Amino acid sequence: MIAMALANKPDVLIADEPTTALDVTVQAQILGLIRKLQLDLGMAVILITHDLTVVRHFSDYVYVMSEGVVREHNKTQPLFADPQHTYTRKLLASEPSGEANPLPEGGETILEGRDVRVAFTLKTGTFFNSSYSQLVAVNDLSITLKKQETLGLVGESGSGKTTFGQALMRLIHADGGTVLFDDKHIEGLTREQIRPLRSRMQVVFQDPFSSLNPRMTIGQIIEEGLIVNGIGSSGKDRDGRVRDALVSSGLPGSITHRFPHEFSGGQRQRIAIARAVALEPEFILLDEPTSALDLSVQAQIIELLRTLQRERGLSYLFISHDLKVVRALCHRVCVMQHGTIVEQGPVRDVLENPQTEYTKRLVKAAFEVAA
Ligand SMILES: Nc1ncnc2c1ncn2[C@@H]1O[C@H](COP(=O)(O)OP(=O)(O)O)[C@@H](O)[C@H]1O
Ligand SMILES: [Mg+2]
């Protein structure tokens, strides 16, 4: 796309969210490329983006827009240092901030995976001449998660985060290793045997648009989990639990008769969180729960997750490719690449003093961009 745009030797290149769908390290490479081409060709660049880190490191001058109006414009440095308009202030304030809840000393382990392995068999070649190869998506990985702890799992797309999370929860089959939930082995359990544990471990997925059944009301969506797990003594009792879960998730208890399409992405993600917390779980797998959301909504969801964790003593396995969000929410972090854990430790240590080349690149890309 960049080559096409440059074929006519333009004086101005308009790049509209050129890196939004890319992994952070690729993003840094693309921005570095645009910067280099800009210098070589002497062209001006209009960069359209919602990513403030990119703006801060790439632009000389910034226009801030909302609702079709330019609210403020200035040189980059003074704009970030001293924003004038309330909208700009709000935008800057909604960068993920804060840190994980304080962790109680010597907590017990809630979830442990040892040498968990997942391999997919891939078919290549043609119909008549096919061959099979193995893709080891999760290569003998081990983790422990303590009660009330948030463990971040980061890495670029395809590194095996989702597969690992799902194998730990027995949502997919693992080819090897052991998993203990609350000191009980769960790797060999049948569907029936694992059922009593299901309400204690819940999942929230990335895409709040496809994870809620469009034909069910909000009340039905949340109550379904209660019915399946045999929670609540009567319809009235369940109704009360549904409303409580909605309120805990920052939504009005009165929306039970409405449908998912009536809500924004952030509200839907709150509904998905309400569905999980209604079952009063001890552990929630959060698989990129804020990746599809705007920055300001993302900050609210992070705040909600921290609050729920404090109030309910929840443990989280938090999958993300966004190190800023990880910094705001996690106690410890594991960095994954090609199905292995290349580095792990307390969030502050790993982000401030990364040891491996890969983590260094991720950190640089997340906090510095094309420096
Ligand atoms: N059902 C599947 N069949 C074959 N390959 C898969 C399947 N699910 C995931 N993979 C592959 O496993 C690797 C890890 O995927 P995934 O766990 O989704 O990574 P991440 O969540 O880090 O983006 C990728 O190479 C992906 O293509
Ligand atoms: Mg994933």
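Here, each number is a calculation from the coordinates, and none is a lab measurement. What you are looking at is a predicted structure, and each value in this text was computed from that prediction instead of being measured. Quick reminder, even Gly has a Cβ in these numbers, built from the backbone with ideal geometry, and neighbours come from all protein chains shown.
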>> How would the range 56-152 be classified by its alpha-carbon gyration tensor: rounded, prolate or oblate, with rounded meaning a/c under 1.5 and the a/b versus b/c comparison settling the rest?
In response: oblate
> Mind checking the angle between helix 218-228 and the chain's longest principal axis? C-alpha axes, 0 to 90 degrees, to the nearest 10.
Replying inline: 40 degrees
> Which residue, chosen from Leu103, His257, Phe318, occupies the Cα position most advanced towards the positive end of the dipole of the chain, where the dipole is computed from +1 (Lys, Arg) and -1 (Asp, Glu) charges on Cβ about the Cα centre?
Replying inline: His257
> Name the residues of the range 118-138 whose amide N is less than 12 Å from a point 7 angstrom out from the Cα of His338 along the C-beta direction?
Replying inline: 136
>> Quick check: the angle from helix 235-248's long axis to the longest principal axis of the chain, C-alpha only, nearest 10 degrees?
In response: 30 degrees
> Val228 to Ser131: FRET efficiency via 1/(1 + (r/R0)^6), r the Cβ-Cβ distance, R0 41 Å, to the nearest 0.05?
Replying inline: 0.50
> Charges only on Cβ, +1 for Lys and Arg, -1 for Asp and Glu: so what's the dipole of the range 2-93 about the Cα centre, in debye to the nearest 20?
Replying inline: 180 debye
> Roughly how big is the range 230-362's charge dipole about its Cα centre, with Cβ charges of +1 (Lys, Arg) and -1 (Asp, Glu), in debye to the nearest 20?
Replying inline: 240 debye
> So if R0 is 56 Å, what FRET efficiency would Phe259 and Gln38 give, r being the distance between their Cβ atoms, rounded to the nearest 0.05?
Replying inline: 0.75
> Separation of the range 279-307 and the range 89-106 by C-alpha centroid, Å?
Replying inline: 12 Å
>> Restricting to DSSP loop positions (anything but H, G, I, E, B) with no more than 12 other Cβ atoms inside 10 Å of their own Cβ, which GluC sites (Glu not before Pro) remain in the range 1-99?
In response: Glu67
> When the dipole is taken about the Cα centre of the chain, and only Lys, Arg (+1) and Asp, Glu (-1) are charged at their Cβ, what size is it in debye, to the nearest 20?
Replying inline: 460 debye
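If we count other beta carbons within 10 Å of each Cβ, what is the order of Thr19, Thr256, fewest first?
In increasing order of surrounding Cβ atoms, one gets Thr256, Thr19.
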> So, in nm, how far is label Glu357 from label Thr25 when the simple model puts each one 7 Å beyond its Cα toward the Cβ?
Replying inline: 0.9 nm
> Within the range 202-235, whose backbone N sits under 16 Å from a point 7 Å along Cα→Cβ of Thr190?
Replying inline: none
> Helix 24-41 versus the longest principal axis of the chain: what is the Cα-based angle in degrees, 0 to 90, to the nearest 10?
Replying inline: 10 degrees
> How large are Rg and Dmax for the range 223-305 when only the alpha carbon atoms are used, in Å?
Replying inline: 13.0, 40
>> What FRET efficiency comes out for Asp207 versus Met65 if R0 is 30 angstrom and r is the Cβ-Cβ distance? Round to the nearest 0.05.
In response: 0.65
>> Under the 0.36 nm per residue contour assumption, what length would be gained going from the current alpha-carbon distance of Thr76 and Asp182 to full extension?
In response: 33.1 nm
> Using alpha-carbon positions, what is the distance between the centroids of the range 25-53 and the range 330-371, in Å?
Replying inline: 24 Å
> In units of 2.2 N^0.38 Å, what is the alpha-carbon radius of gyration of the range 1-62?
Replying inline: 1.05
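How about the range 147-241: which trypsin sites (Lys or Arg not before Pro) there are in a DSSP loop, with at most 13 other Cβ atoms within 10 Å of their Cβ?
Arg215
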> Which residues in the range 89-129 place their backbone N less than 17 Å from a point set 7 Å from the Cα of Ser142 along the Cα-to-Cβ direction?
Replying inline: 109-118
>> Show me the GluC sites (Glu not before Pro) within the range 102-211 that DSSP assigns to loop and that have at most 12 other Cβ atoms within 10 Å of their Cβ.
In response: Glu105, Glu108
> Along the charge dipole of the chain, which of Gly188, Val70, Thr144 sits closest to the positive end, that is, farthest toward it, with unit charges on the beta carbon of Lys, Arg, Asp and Glu (+1, +1, -1, -1)?
Replying inline: Gly188
> Once you put a point 7 Å from the Cα of Met4 and another 7 Å from the Cα of Glu17, both along the Cβ direction, what distance in nm separates them?
Replying inline: 1.7 nm
